[in-house]
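First comes the structure, then the notes that go with it.
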Amino acid sequence: ASYGGQTLADALSGVPGISNTSDTRFDSFRIRGFAGAGDVFLDGVRDDAQYVRSLGNIERVEVLKGPAAVLYGRGSGGGVINRISKQPGHNVQSSVRLNAGSYGRIGAAADVNQVLTEEWAMRINAGRDHAGSFRNGVDSTRQYLAPSIKWDNQRTSWLLQLEQSEFERVPDRGMPAGRRANGSYFLPPAPQSTTYGALGRDFIKDTSTYVRSTVEHKFDAQWKIRNVLSLLNLDSRFDNTFAGGLTGAGNSQVTRSRWQQDLQHRNWQNNLELEGKLATGDVQHQLLFGAEYSNENRHPRLWRANASTVSLTAPDNRPDNGATPTLNTDSIHRARGYALYAQDQISLSLQ
């Protein structure tokens with residue numbers, strides 16, 4: 001937050017052992033050298049869909065390095081990245097944020113917490129940010145709305161959260177160098193107006209809806225049971241123009257292709273956990289028993305067409321009137337998961 005980061009990739013920048021392999025379309029990380037596609041969580045619930053994650057409704061980000069199976073079951077050996085969302089409470093302060101920066105960056109957000117009764121509290125987070133870039137015509141707009149309500153009588157609690165997020169941006173298809181008269185290339189990069197994309201047509205847009213219900217009951221000071229029911233619905237679309245290979249006399253031209261995507265992704269997940277503490281002599285045990293059910297439906301469709309060839313050094317970035325994209329792939333992925341897990345975290349006290 002001190003650096004104005006708006007995405008999960010921003011938050012993890014500089015964290016030892018975390019490598020950012022994200023592209024313009026979705027988040028991707030390596031944790032201690034292991035691919036972490038299935039090791040990103042939200043409030044302890046697996047969040048493995050392909051989109052760019054916002055920090056607007058996030059309280060903090062936890063990074064656990066080491067075998068992910070220690071706490072979260074299936075996953076790689078690198079670790080896990082767990083985002084903790086903002087929740088209503090009796091000791092939460094409301095706030096307003098305004099920001100501005102270079103290349104036309106401007107944004108505002110409000111975080112309003114309201115105590116309703118001794119047992120009820122509600123919170124609303126909302127924000128919108130717009131940013132340009134060093135490339136003309138390449139910009140992004142992000143907005144989110146996240147209301148939540150919580151009931152807590154100090155023994156039983158129920159938390160209901162909704163988060164609606166939208167992120168639309170123009171991909172940067174610029175080139176990294178200029179070209180001298182003798183045919184050699186040089187840095188720094190080309191002018192701000194130079195891009196191999198089709199400005200005014202190229203876009204990427206993620207629209208995500210998260211709904212979570214968390215019920216927790218404390219049997220006593222040592223034992224409690226928790227149930228988390230989560231739904232993620234993601235709609236991800238893009239129309240992108242990609243540079244291909246070199247062609248023409250002296251390799252002075254660049255071939256291009258055009259891709260369109262319509263991705264529908266829905267995840268249901270339910271976790272039931274029993275957590276408690278007990279002691280056997282000088283050994284303290286923190287026990288966790290759980291069951292997980294997940295249902296994932298993913299329907300990606302891709303269309304493709306050839307786009308016009310452009311100059312290597314001075315490409316025409318206006319949308320062309322090329323062939324209409326035709327369906328390239330139409331896939332449906334369905335997966336169900338059932339899991340039982342148990343954990344005993346032991347602490348040894350030596351007198």
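Quick notes on this structure:
- Filtering the stretch 1-55 to residues that are more than 22 Å from Gly337 (Cα to Cα), of a type outside the set (S, T, N, Q), part of a strand (DSSP E or B) and open to solvent by less than 30 Å² (accessible area, probe 1.4 Å) leaves Ile18, Phe29, Ile31.
- All conditions in (1) at pLDDT below 95; (2) farther than 30 Å from Gln345 by Cα hold for Val211, with the sole exception of (1).
- Thr241, sole failed condition from (1) within 30 Å of Arg180 (Cα to Cα); (2) loosely packed, with under 14 Cβ neighbours inside 10 Å: (2)
- In the stretch 91-135, residue most open to solvent (accessible area, probe 1.4 Å) [restricted to those that are touching a residue at least 60 places away in the same chain (Cβ under 8 Å) and among the polar types (S, T, N, Q)]: Asn99
- For first residues located in the stretch 289-300 and more than 13 Å from Ala335 (Cβ to Cβ), partners that are of a type in the set (Val, Ile, Thr) and lie 6+ apart or on another chain with Cβ distances below 9 Å form the pairs Pro300/Thr329; Pro300/Ile332.
- Members of the stretch 202-219 found to be buried (at least 19 other Cβ atoms within 10 Å of the Cβ), in a strand (DSSP E or B) and in contact with a Ser or Thr (Cβ under 7 Å, 6 or more places away or on another chain), listed by number: Ile204, Asp206, Ser208, Arg212
- Filter pass, Gln222 being touching a Ser or Thr at 6+ places or on another chain (Cβ under 9 Å), open to solvent by 60 Å² or more (accessible area, probe 1.4 Å) and of a type in the set (S, T, N, Q): no
- Of the residues making up the stretch 75-101, those that are out of contact with any Pro (no Cβ under 7 Å at 6 or more places or on another chain) and small (Gly, Ala, Ser) are Gly75, Ser76, Gly78, Gly79, Ser85, Gly89, Ser94, Ser95, Ala100, Gly101.
- Pairs with Cβ under 7 Å, 6+ apart, first in the stretch 222-250 and acidic (Asp, Glu), second not in a loop (DSSP other than H, G, I, E, B): Asp235/Thr207; Asp235/Gln264; Asp239/Phe203; Asp239/Gln260
- Inspection of the stretch 191-201 identifies at least one residue that is open to solvent by 60 Å² or more (accessible area, probe 1.4 Å), closer than 18 Å to Asn317 by Cα, assigned to a loop (DSSP other than H, G, I, E, B) and without any contact (Cβ under 8 Å) to a residue 60 or more places away in the chain.
- Those residues of the stretch 56-67 which are part of a strand (DSSP E or B) and either acidic (Asp, Glu) or open to solvent by 30 Å² or more (accessible area, probe 1.4 Å) (or both), in sequence order: Glu59, Arg60, Val61, Glu62, Val63, Leu64, Lys65
The values are calculated or read from the model by the stated rules, or taken from the named source; none is laboratory data. Because the structure is a prediction, the values reported are computed rather than measured. Glycine also receives a Cβ, built like all others from the backbone with ideal geometry; neighbour counts cover every protein chain displayed. The accessibility values were calculated without ligands, DNA or RNA, using every heavy atom of the protein model including side chains. Shrake-Rupley method; radii C 1.70, N 1.55, O 1.52, S 1.80 Å.
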